[in-house]
Every structure is written in C-alpha cells, then in structure tokens.
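Values in this text are rule-based calculations from the coordinates and carry no lab data. Computed from a predicted model, the values in this text were never measured in an experiment. A quick note on method: Cβ atoms are made from the backbone with ideal geometry, for glycine too, and the neighbour counts reach across all protein chains shown.
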Amino acid sequence: MTGKLTFESVNCGDVLPEIKQHISQEVIWKHAVASLDYNPVHTNPEWCATAQVFGLPVPVMHGNQTMSLMTSVITDWAYSSGARLKRLEVKLIKPVPVGSTCTYGGVVSEKHPVGKGEDFVVVELWAKNQDGEQVAVGSAQVVLPSA
Amino acid sequence: MGYLEEMAKYQKTEKQKSFSADFLDQEQVEEYEFWDEIEIGKETVVPLRFEVKAEDMIAYAEGVPDANPVFYDEEYARKCGYDGLVAHPMFTTQVLFFLLRKGHGSWIRTPGSRNPGQILEWYDPIRVGDVLTLKTRSYDKWIKRGKYYMRYLSELYDQHGNLKMRGYMTLILPKTREDVMRFVRGEHALEA
C-alpha cells in the first residue's frame, strides 16, 4: 500500500504497469473452471481441430479472460489505493490461440473532476500478442479517492 | 485423460463441483435459444439465484490469474478502504454463466459463438453474502459481412433490489439450431 494513488496525484499520460501472461492450455482450463465458461472453443483441443470456429485448429483463450487481464491492469494499479472500476468497454480484435504470450497495459487519457468520491479517470487499455499485434483495445472509467 | 477430467482437477468450490462442464451435451444444447429464434425486446428474470461466497470470489481471481491481495485477504482489503473482501470486477462472468443455462439468455453457452467485445458498468460492489438475480433482455440482432450478431442487456441485482452491474453484451452466433448441432458434432458450421 505504498505510494497511494489519489485523483490529484494521477495525470493524463501516466502509463500503468504492464502485465504479461503466457496462455497455456492449463491457464485456459483454470479460467474455464473459474468463470464456468466451458465452451469447447476454449477447452476441447480435439473438437477445435475440426470445428475451427475462428479458422484455427487449436483452442483460443476466453475473450472474457482477455477482458479480465485488461481489468487487472487497473486493479493492480489502483485497487490498493481504494479505487473502483465503474465502466469497461472492450473490443476484441484477434483471437488468442493457446501458446500465445500476451501483454496488457494502459495509459491515463482523461481526468473527470466531477465531485469528491466520484472523481474518475479514463484509462485507454490495450492487449498485444507476442508479435506486437493488438488483440484487444478498450477503455475504463476508474473512480479514485481524493487526497 | 480427457479434457473434462483435466479441468475437474481445478474445481474447488461448491458451485464449480456441481456445475456441468460439458457444453457439448446435446440435451442441454436442445434447451438453448438460437439466433433465428431470438425475440427482440423479450425480457427474462432468470429464476436461479447466485449466493455469493468468499470461495466464489477467490476462485475467480485465481482463474484470471490475479494475485492482488484485495481479492483474497479481507483484512488487507479493509486497510485499503473497502468494506470487505473485493470481487474482481470480471467476477460477474462466473455469475452469468452460473445463472444462464437454458432458454432466453443461454446464448453465451452456444458452441460456435464468438465474443466481439462487451461493455460493463458497475454500480455497487458485490459482497460476500449477496444473493444475486439476473434480468436479461435481447434488444438487437443483425447480419453483417455474413455473420449473425445479437446484443442483449444483462442486469444483476442484489437481494435488496440494488443494481450491481449492467452489461451491454454482443455475440456472434451460429444462425440456426442445425448450425449449432453441426458444431456440437465438431463440424465447421459458420457461414462466414
């Protein structure tokens, strides 16, 4: 809880610490169990070999796991300071096949001084694969405590 | 070992252990609602309830994976200014999949479905002990570049009627029951 963030201490252009995650089949299976989303496009390699929902013969990670890791960029950065995520919008651009390694990050783009306890910032979020290709983009509204 | 047995190794919570992981079970799929059958404007309050336990919230954070102690340690969360253990914001995914099993709203389970993106808004923290209900309403469907889209609204309420989360969800689905059944058989069945 060192270096507590406040609405006043955060500035447009601040870059949030990145998260990196290798997407093994085990990581996908654990997410399936955690989310109760057992869709075979994520969980069943044999089925994926023929069904090829995304034109790929292998499982892909859950779109909501991508969204969860993008969300974790926010929570890792600000939740120890008592922040609150109030809105998240994510566009999923490319499927993420098993074996990928993705990086997730964000940058503060707007400050909204709308009132104590409700002041929020907008963070532009991104997720990239190991080739530097964007697999998802989004934005988050994050309520930050006042000084 | 099959994929279902592999995943069973990770099931720890009461809900995880009681939930059917076989999304290719034809009997369950028969009870889904398919793209060409979706009635726009229809609203449903899902009869099931989700009683939030700490183990549910912790299990979701583990599966992200996210090791932030606010999701695991109630005392630490209180020191950070929260009124109890914090749910990872995307914990609502687990709630929706637990509640949406058949009929209106079951689209999220469909073999062959694709997720192009979502909008989520959180209005009040989900807390241990909450009993959550889900209201869902289909409000648009369209065809674009040969793909069959639909959009629906999901709202989670607690036992006091407080709105916890509103989601504007979009999916790309197989068009018909037969298209879904082809996917169930492992055939490639997309028009696009």
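Couple of notes before you dig in:
- Scan of the stretch B:77-132 for residues that are of a type in the set (D, E, K, R), more than 30 Å from B:Glu30 (Cβ to Cβ) and more than 8 Å from chain A (Cβ to nearest Cβ), ordered by number: B:Arg78, B:Asp83, B:Asp124, B:Arg127, B:Asp130
- Selection status of B:Tyr152, in contact with a Lys or Arg (Cβ under 7 Å, 6 or more places away or on another chain), within 10 Å of another protein chain (Cβ to nearest Cβ) and more than 21 Å from A:Ile93 (Cβ to Cβ): no
- Counting only residues that are more than 19 Å from the chain's Cα centre (by Cα) and assigned to a strand (DSSP E or B), the stretch B:142-188 holds 5 of them.
- Check on B:Val64, closer than 20 Å to A:Ala32 by Cα, more than 11 Å from chain A (Cβ to nearest Cβ), buried (at least 16 other Cβ atoms within 10 Å of the Cβ) and within 18 Å of the chain's Cα centre (by Cα): no
- Helices (runs of 4 or more DSSP H) (entirely within the stretch A:1-111) containing at least 3 residues that are within 17 Å of the chain's Cα centre (by Cα): A:25-35, A:63-78
- Every residue from the stretch B:5-29 that is without any contact (Cβ under 8 Å) to a residue 40 or more places away in the chain and closer than 30 Å to B:Tyr149 by Cβ: B:Met7, B:Ser20, B:Ala21, B:Asp22, B:Asp25, B:Glu27
- Enumeration of residues in the stretch A:10-68 that are free of Cβ contacts under 8 Å to residues at least 60 places away in the same chain, surrounded by fewer than 19 Cβ atoms within 10 Å (Cβ to Cβ), closer than 28 Å to A:Gly106 by Cβ and hydrophobic (A, V, I, L, M, F, W, C): A:Val27, A:Phe54, A:Leu56
- Hey, B:Val29 closer than 22 Å to B:Leu120 by Cα and either surrounded by 14 or more Cβ atoms within 10 Å (Cβ to Cβ) or of a type in the set (A, V, I, L, M) (or both) or not: no
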